[in-house]
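K.L.:
Structure in structure tokens, see below.
The values are calculated or read from the model by the stated rules, or taken from the named source; none is laboratory data. Small disclaimer: the values here were computed from a predicted structure and weren't measured. Heads up, the Cβs are rebuilt from the backbone with ideal geometry, glycines too, and the neighbour counts pull from every protein chain shown.
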Amino acid sequence: MIRSPSERPVGPPRDRLGAESSHGAALATPYAVVHRVRYPAGTMRLLLVTPPMIQLNTPYPATAYLMGFLRLHAADLGLELTQADASLTLFLRLFSAPLVARTASVLRQRARTAGKRAPVPASIAHFLKHAKRYVDTVGPAIRFLQRRDPTLAFRIVGRAFLPEGPRFEH
């Protein structure tokens, strides 16, 4: 806390840590007073968010490290901690059956609108041809990737379960 010049400390000069100083007037300034910070009596709720578009196959360590540190001191600081991963949330919304179906619908509409002016790229034509399979398999594939359904491993390696793009034809 910064004091005004009229509020000079009373008593012998003190150093920065509050001990008496032998330096005399050099530390007898209003800025040499040490104050303890008090935390509010109530609990402070804190949300740590991992931003979207961060690498999904490797955990983003910054929020995890910060969360671990704060958990160690949460009781002393009066913190209630929560962590959210916006990157994972965005990915799970994009790769869901409803959004894959909606993407196919929008692409079909755009292909009809474009007509013969702009041919549909091979990868998009293949996706539209197999859109039903993509919609049907995106949920199970995500469950497998989240380790919630390991039984799919044998079906996936068989190469008949998941739709494959045109590059697999060769």
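K.L.:
For GLN146, indicate whether it is outside the structural domain of PRO52 (by TED's automatic domain parsing), under 29 Å from ARG45 (Cβ atoms) and free of Cβ contacts under 8 Å to residues at least 24 places away in the same chain.
P.N.:
yes
K.L.:
Now, a different point. Among the numbered criteria (1) surrounded by 13 or more Cβ atoms within 10 Å (Cβ to Cβ); (2) outside any helix (DSSP H, G or I), which single criterion is violated by ALA141?
P.N.:
All conditions are met except number (2).
K.L.:
Okay, moving on. Where residues in the range 67-91 are among the acidic types (Asp, Glu) and modelled with pLDDT under 90, which of them is farthest from LEU48 (Cα to Cα)?
P.N.:
ASP76
K.L.:
Of all residues in the range 144-170, count the ones that are modelled with pLDDT of 90 or more and assigned to a helix (DSSP H, G or I).
P.N.:
Qualifying residue count, the range 144-170: 8.
K.L.:
Another question, if that's okay. Please go through the range 82-138 and pick out each residue that is under 22 Å from PHE168 (Cβ atoms) and among the basic types (Lys, Arg).
P.N.:
Hits for the range 82-138 are LYS129, LYS132, ARG133.
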